[in-house]
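Take a look at the structure set out below.
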Amino acid sequence: MKNIQTLDQIKTKYYGEIGTPERDRLENELEALRIGFKIRSARE
């Protein structure tokens, strides 16, 4: 079986642990994107 990683493990590998500035920036951008998609979906 291949080495399977969770999304959180991949984010930690590339952006650092939760609480680091780079990881916080990523999480904030992803949340803003999620909200944007929800707003777009509600309008449609």
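Seen from all directions on average, the chain presents a Cα convex hull projection of 4.3 nm².
For the chain, a crude dipole built from +1 on the beta carbon of Lys and Arg and -1 on the beta carbon of Asp and Glu, taken about the Cα centre, is about 220 debye to the nearest 20. For the chain, the per residue solvent-accessible surface stands at 95 Å², with DNA, RNA and ligands left out and a 1.4 Å probe.
Along the range 14-21 the Karplus relation, 6.51 cos²θ - 1.76 cosθ + 1.60 evaluated at θ = phi - 60°, assigns HN-Hα couplings of 9, 10, x, 5, 4, x, 7, x Hz to successive residues, with x for each Gly and Pro.
Computed 3J(HN,Hα) for the range 32-38, one whole-Hz value per residue from the Karplus formula 6.51 cos²θ - 1.76 cosθ + 1.60 where θ = phi - 60°, is 4, 5, 4, 4, x, 5, 5, glycine and proline marked x.
On the chain, 56 percent of the accessible area sits on carbon and sulfur atoms, based on a 1.4 Å probe.
The values are calculated or read from the model by the stated rules, or taken from the named source; none is laboratory data. Source: prediction; values computed, not measured. Using ideal geometry, Cβ is built from the backbone for each residue, glycine included, and neighbour counts are taken over all protein chains shown. Just so you know, the surface numbers come from the protein's heavy atoms only, side chains and all, with ligands and any DNA or RNA stripped out. Shrake-Rupley method; radii C 1.70, N 1.55, O 1.52, S 1.80 Å.
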